[in-house]
Amino acid sequence: MEWDAESGGLRCRSCGAKVSVQKAAPEGFHDYESLPSFPAIQDDKEKSVRCPACGAEIKTGSRTVSETCPSCGAGFVSADKLLSFARPDGLAPFMIPPDRVDGLLRKECSRRLLAPGFSSGRIRVRFISRQYITLWVFSAGISTEYAGYGSRLRQPHRLESDEKEGSRLLSDWEPFKGRRSDLMENVCVPADPETDDACYRRILFSSTPQDALCAWQPEYLLGSWSFLPAVSASDAEAKAREEMKAEIRKRIEKEQYEASEFKNLSYRTFDLKYNNKAWRLVQNPAYFVISSYRGGFYFEAVNGATGEVFGDFPVSSIRLAVLALLVAAGTALLCVAIDWDDVIINTDGGYGIDHDRALVWFVFFCAVSAVCLVAAFLGLTPPIYRKDDLKNKKWLREITE
């Protein structure tokens with residue numbers, strides 16, 4: 001059995017039978033007194049388990065909670081392993097079926113001006129992994145007291161004896177202080193330290209609506225991969241506090257800049273007091289895709305609940321060259337228009353072209369074109385893996401073969 005996004009229930013891979021799953025509301029936030037104290041689990045040990053469907057022996061990691069059997073494709077969940085640490089408070093089930101991932105990638109690729117056509121066959125999807133990503137989520141009310149000095153630029157008074165005095169700007173430092181209260185909600189910290197924060201925050205958390213969450217049940221994990229947290233609750237909480245502090249600092253600086261026209265701030269005191277601190281553990285769905293283009297391999301992520309796409313797409317060298325030439329031509333034509341009177345000259349027989357001047361602008365156009373082309377190709381999106389990586393990465397070689 002595995003989770004079927006189209007029917008919103010379980011489906012048997014062999015006979016196609018479907019089983020409904022009763023949804024329930026997710027749990028809310030917990031206070032910090034119940035913050036789990038277990039250490040981070042490192043996936044450095046392997047053990048063998050038996051597939052409940054075909055009985056094949058499978059090598060699995062110490063952090064793996066759910067996976068699919070490589071022999072028969074059946075999904076199975078080690079729910080006791082996850083529940084012995086921390087039961088997730090909410091889970092967003094897959095709403096995007098796997099057969100739609102290719103279409104979403106094509107659509108996203110077509111929106112990008114410099115990306116090659118996905119239908120050309122040069123871009124090929126090599127690997128799709130369906131996973132549930134575990135995320136720590138924190139909320140807190142914060143009272144902040146701050147004080148410091150802010151600088152404001154002013155024009156100095158010019159004396160008659162010093163004519164250059166008025167051309168300089170002076171910086172005056174003035175004291176400021178204040179107090180504010182903020183409610184920081186849904187500060188997300190991925191439970192895996194090797195993840196890309198931008199990808200996980202933007203695609204897997206921020207873009208997933210809160211009403212998509214439901215109560216956690218092991219049936220949702222069937223047919224997907226999921227893992228125990230590799231970041232302990234205490235480390236995640238410390239990182240969340242740093243992010244809350246940085247966000248409040250930004251808000252204070254924006255407020256002071258707009259109110260006092262300060263150009264720079266220097267803090268003497270910056271005290272934060274936390275209250276009503278809360279946390280919860282959620283799991284969000286994602287498809288991780290590896291695609292290939294001209295010997296390079298690229299990574300994309302697709303939100304399994306909303307279909308939003310995030311990642312690196314290749315850049316077409318032909319489209320990039322055409323764009324660079326258009327930029328160079330536009331620059332050259334603009335310069336010629338400015339210097340039009342020197343290029344087009346008035347002769348006895350009418351108007352003519354100053355060949356020497358035109359040659360100068362032709363050389364200039366070639367130089368600008370060359371610079372634009374070099375700059376464009378240097379800016380190509382680099383692949384995350386290349387052909388040489390196949391020798392060192394067995395799992396990647398198996399995917400592409």
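Taking R0 as 22 Å, what's the FRET efficiency between C15 and S71 from their Cβ-Cβ distance, rounded to 0.05?
Computed FRET efficiency for C15 and S71 comes out at 0.75.
Note on V125 and Y149: the model spin-label points, each 7 Å out from Cα along the C-beta direction, lie 6.0 nm apart.
Backbone geometry of region 59-64 corresponds, through the Karplus equation with coefficients 6.51, -1.76 and 1.60 at θ = phi - 60°, to 3J(HN,Hα) couplings of 7, 9, x, 5, 9, 6 Hz, x marking Gly and Pro. With each label modelled as a point 7 angstrom along the Cα→C-beta vector, the S266-S206 pair spans 3.3 nm.
Cross-link pairs exceeding 19 Å in C-alpha to C-alpha distance, out of K239/K277; K239/K263; K47/K81; K177/K273, comprise K239/K263. Here the scattering of region 264-335 is modelled by Debye summation over its C-alpha atoms, one equal scatterer each and no solvent; at q = 0.19 Å⁻¹ the log10 of I(q)/I(0) is -0.91. Here the spin labels are modelled as points 7 Å beyond Cα on the Cα-Cβ line, and at L170 and E243 they lie 4.5 nm apart. Across region 295-308, coupling constants 3J(HN,Hα) worked out from phi with the 6.51/-1.76/1.60 Karplus curve, θ = phi - 60°, read x, x, 10, 10, 10, 9, 10, 10, 5, x, 9, 10, x, 5 Hz, and Gly and Pro carry x. Residue-wise HN-Hα couplings along region 170-181, as the Karplus relation 6.51 cos²θ - 1.76 cosθ + 1.60 with θ = phi - 60° gives them from phi, are 9, 10, 9, 9, 10, x, 8, 7, x, 8, 8, 10 Hz; Gly and Pro carry x.
The numbers here are math on the coordinates, done by the rules we state, and not lab data. Source: prediction; values computed, not measured. Ideal geometry is used to build each Cβ from the backbone, glycine not excepted, and the neighbour counts take in all protein chains shown.
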